[in-house]
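The values are calculated or read from the model by the stated rules, or taken from the named source; none is laboratory data. This is a predicted model, so every value here is computed, not measured. Counting neighbours? That spans all protein chains shown, and the Cβs are built from the backbone with ideal geometry, glycine included. Side chains are part of the model used for accessible areas, which takes the heavy atoms of the whole protein and leaves out ligands, DNA and RNA. Shrake-Rupley method; radii C 1.70, N 1.55, O 1.52, S 1.80 Å.
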Amino acid sequence: MIACRPARYTLPQLNERAIFHAPSFIVSRLSFSWLHRSAARRCWAGLGLCLLLTAVECWLRAPVPVAPHAVWPAGVQAATGRLVLQAAGRIPMPANTPAAHASTLLAMPPGHPAAVQAYWFAGSRESGPDVQIAFSQFDRATRQWSPASYVVNRHEAGLQLGFGLRRLGNPVAWRDGQGRTHLFVVATGLGGWAAGRILHLRQDGPQEPFQSLRVLPLSWLWNTSHLVRAMPLPLADGGMVLPVYFELGAKYPIALRFDADGRFLGMTRMSQRRDLLQPTLLMRSETQWLALMRDNRPERRLRAAQTEDGGLHWQDLPDPGLANPDASAVGLSLQPGVMMLAHNPRAESRAQLALSQSSDGLHWTQLELLAQGGERSEYSYPSMAWADGSLWVSYTEQRQAIAWQRFIFVPPAR
């Protein structure tokens with residue numbers, strides 16, 4: 001096991017004004033004539049100033065946060081037995097739209113007209129100027145997907161933010177404690193995907209438009225090169241942990257924490273390795289979580305890290321050994337000892353997409369082959385959700401459509 005540097009959720013924006021202005025406040029009240037009396041006094045004055053600034057920073061520093069507790073998906077009674085396919089197909093596409101990629105599924109609560117909602121980016125091609133975020137939902141009454149519509153485009157989002165956006169991609173959805181839907185979308189300006197930023201949008205009610213709230217404040221360098229891909233991990237307090245990653249040069253995973261109102265609370269790095277991206281989070285228990293990550297190196301394996309205190313500290317783990325063609329994989333824990341993973345099982349291509357199960361997150365058994373094709377075929381970027389007693393999976397099909405499948409567990413015969 002490789003130990004990571006101790007980390008905790010930090011608040012990059014916390015009390016910056018107070019910290020940065022404290023030195024000028026103090027220095028302005030020192031007598032420079034006194035400081036120049038002797039070299040010894042200057043040394044003592046400098047030392048005293050350092051100690052005073054250190055004390056001010058410690059006083060202003062946020063307290064160590066309480067370890068958050070994750071929650072299991074609602075409505076999972078007994079995820080045991082044989083996994084059986086119930087339904088499958090393609091999610092409707094917007095008219096005259098030949099390309100689609102990077103879907104995400106959002107489970108809806110009982111009483112909502114839809115069981116799940118799906119978001120993805122679609123247009124003439126990936127990175128095209130016409131790419132928008134598309135939406136459809138599976139109606140509980142009709143048992144059909146609604147016609148697809150666009151819910152976010154770069155022009156309107158840019159106007160709301162006050163600056164232009166060049167392209168959109170990789171949406172991830174979440175419902176907060178008030179039932180509002182949040183979208184986290186990769187948005188770029190100058191540069192490619194590696195220079196992307198994470199755009200935070202919110203929908204306050206059904207049929208209302210998404211409003212751009214801001215770009216997440218993740219770094220001093222205009223918040224660039226932070227991207228999102230996998231589903232968030234819900235917390236008992238109504239908040240969540242969103243797995244994201246830094247991609248420019250060194251590639252490493254980061255966990256972002258949000259409260260029940262969708263306010264950003266802080267971030268922590270999940271691995272000290274430098275070639276990992278697109279992390280997905282799996283629960284072992286309420287405070288013990290596992291992160292599986294895509295590796296950009298030639299070995300083409302999934303990598304792993306873990307936390308035992310709700311994400312306050314992370315440690316790199318021996319690799320789980322699963323082959324991976326440098327592609328996104330997503331996991332979902334259903335109950336203790338039942339973890340599901342949608343992934344590409346071959347190192348050489350994305351021509352196959354599999355569904356596997358594990359009790360510990362490190363040793364996996366393939367249950368289903370979700371899709372397969374020729375060597376140049378692509379079935380990739382899956383998402384998963386648990387709703388209405390079923391496991392839902394969506395994924396990119398040939399970069400042309402979003403496919404979906406729905407499974408149930410059939411208990412063994414007595």
Open item on the list: Along each principal axis of its Cα atoms, how long is region 240-293 end to end? Whole angstroms, biggest number first, please.
Closed with: 33, 25, 14
Open item on the list: Nothing charged except the Cβ atoms of Lys and Arg (+1) and of Asp and Glu (-1): what's the magnitude of the dipole of region 134-198 about its Cα centre? Round to the nearest 20 debye.
Closed with: 80
Task: Three-way shape label, region 57-154, alpha-carbon gyration tensor, a/c 1.5 - done: oblate
TODO: Report, to the nearest whole %, how much of the accessible area of region 240-338 belongs to carbon and sulfur atoms, 1.4 Å probe, protein only.
DONE: 45
- [ ] Can you tell me the relative contact order of region 71-176? Whole percent, Cα pairs under 8 Å, sequence separation 6 or more.
- [x] 25
Open item on the list: 5 Å is the cut-off here: which amide hydrogens, built 1.01 Å from N in the peptide plane, fall below it relative to residue 401, excluding neighbours closer than 5 in sequence?
Closed with: 100
- [ ] Mind checking the per residue accessible area of region 152-309 for me, 1.4 Å probe, whole number of Å²?
- [x] 37
- [ ] Over region 124-219, with every protein chain in place, what whole percent of the accessible area is carbon and sulfur at 1.4 Å, could you tell me?
- [x] 50
Open item on the list: Taking amide H atoms as placed 1.01 Å from N in the peptide plane, list the residues 5 or more away in sequence, or in a different chain, whose amide H sits under 5 Å from that of residue 371.
Closed with: 353
Task: Charge dipole of region 185-342 about the Cα centre (unit charges at C-beta), most positive-ward option of 248, 236, 340 - done: 248
Open item on the list: Just to verify a number: what accessible area does residue 156 come out at with the full protein assembly present, 1.4 Å probe, Å² rounded to tens?
Closed with: 110
Open item on the list: Placing +1 on the Cβ of each Lys and Arg and -1 on the Cβ of each Asp and Glu in region 306-414, which of 410, 394, 349 has its Cα farthest towards the positive end of the resulting dipole?
Closed with: 410
TODO: Please give the net charge around residue 371, taking every other residue with its beta carbon less than 15 angstrom from that of residue 371, where Lys and Arg add +1 and Asp and Glu add -1.
DONE: +2
Task: Contour excess over end-to-end distance, with Cα ends at residue 288 and residue 125 and 0.36 nm allotted per residue - done: 54.7 nm
Task: Three principal axis lengths of region 116-212 [C-alpha, angstrom, descending] - done: 45, 30, 20
Task: Radius of gyration and Dmax over the Cα atoms of region 148-295, both given in Å - done: 15.0, 43
Task: 5 Å-binned pair-distance histogram of region 275-414 (Cα, whole percent) - done: 2, 10, 19, 23, 20, 14, 8, 3, 1, 0
Open item on the list: Could you compute Rg(Cα) / (2.2 N^0.38 Å) for region 268-316, with N its residue count?
Closed with: 1.11
TODO: Find, among the trypsin sites (Lys or Arg not before Pro) in region 68-164, those assigned to loop by DSSP (not H, G, I, E, B) with at most 15 other beta-carbon atoms within 10 angstrom.
DONE: 125, 143
